[in-house]
Amino acid sequence: QQAHAATLAALCQAVETKDYYTRGHSERVSRGSVMIAQEIGMRSDRVEAIRYAGMLHDVGKLGVPTKYLQKTGPLSEEEFAAIQLHPMRGLEIVREIGFLDEALAGIMHHHEKMNGRGYPMGLAGDEIPEFARVISVADAFDSMTSTRSYRAARTVEEAVQELRRGSGDHF
């Protein structure tokens, strides 16, 4: 258990050294994913797996050029395309870690949208794995309530309102 935790912490730290603005993001998404999973009644073994998925959801950013992650202005199509590859790169990085199991689907699909306009595969509705749907909400909430290189943080109330506005379409 301690070896698992140390491995995950090392991978998360590696991702977060690339971008000052994401410090603590993986841990917060992990905690938020666990809270949502418990609230919707997931079994305890799945809650533990979603904890791992939340921590590792952005590990694929290790394969994205740092200058794209830290860019303060709008991204070019090429830069955004490179960032859109991070879920697949994440899967490649952690796919051989045996204890992740269902967490892999959360890592791979956390940027899919209910309307089918997400990435990397354009899945829609129930095609999107449950883990990915949970992580997507936790990820969006933390992103909105954190200061980023390109914008200031929103309040909790504003973030919740945005999540509600995107319910059924995005989330």
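Across segment 1-34, the qualifying residues are those that are of a type in the set (Lys, Arg) and part of a helix (DSSP H, G or I), and the one among them that is surrounded by the fewest Cβ atoms within 10 Å (Cβ to Cβ) is 31.
So that you can scan it fast, the table gives a plain yes or no per residue for (1) under 30 Å from residue 44 (Cβ atoms); (2) touching an Asp or Glu at 6+ places or on another chain (Cβ under 7 Å); (3) loosely packed, with under 13 Cβ neighbours inside 10 Å:
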{"site": "63", "(1), (2), (3)": "no, no, no"}
{"site": "70", "(1), (2), (3)": "no, yes, no"}
{"site": "78", "(1), (2), (3)": "no, no, yes"}
{"site": "94", "(1), (2), (3)": "yes, no, no"}
{"site": "101", "(1), (2), (3)": "yes, no, no"}
{"site": "110", "(1), (2), (3)": "yes, yes, no"}
{"site": "114", "(1), (2), (3)": "yes, yes, no"}
{"site": "125", "(1), (2), (3)": "yes, no, yes"}
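Residue count for segment 18-42 under the criterion of being at pLDDT below 85 and of a type in the set (Ser, Thr, Tyr): the result is 3. State all residues of segment 35-56 that are within 12 Å of the chain's Cα centre (by Cα) and open to solvent by 10 Å² or more (accessible area, probe 1.4 Å); if no residue qualifies, say none. Across segment 35-56, the qualifying residues are 51, 52, 55.
Against the conditions (1) closer than 21 Å to residue 27 by Cα; (2) under 15 Å from the mean Cα position of the chain (by Cα); (3) of a type outside the set (Asp, Glu), residue 128 satisfies every one except (1).
Can you pull out the residues in segment 80-92 that are crowded, with 16+ Cβ neighbours inside 10 Å and more than 15 Å from the chain's Cα centre (by Cα)? Listed by number, the list holds a single entry, 82. In the condition set (1) within 17 Å of residue 131 (Cβ to Cβ); (2) hydrophobic (A, V, I, L, M, F, W, C); (3) outside any helix (DSSP H, G or I), residue 75 is compliant with all but (1). Restricting attention to segment 142-168, the residues being at pLDDT 95 or above and open to solvent by 70 Å² or more (accessible area, probe 1.4 Å) number 8. Looking across 101, 139, one residue alone is of a type outside the set (Phe, Trp, Tyr), at pLDDT 95 or above, out of contact with any strand residue (DSSP E or B) (no Cβ under 9 Å at 6 or more places or on another chain) and under 22 Å from residue 48 (Cα atoms). It is 139. With respect to being open to solvent by 80 Å² or more (accessible area, probe 1.4 Å) and within 19 Å of residue 148 (Cα to Cα), residue 74 fits the description.
The values are calculated or read from the model by the stated rules, or taken from the named source; none is laboratory data. Source: prediction; values computed, not measured. Positions of Cβ are generated from backbone atoms using ideal geometry, with glycine treated the same way; all protein chains shown enter the neighbour counts. Please note that ligands, DNA and RNA were not included when accessible areas were found on the heavy atoms of the full protein model with its side chains. Shrake-Rupley method; radii C 1.70, N 1.55, O 1.52, S 1.80 Å.
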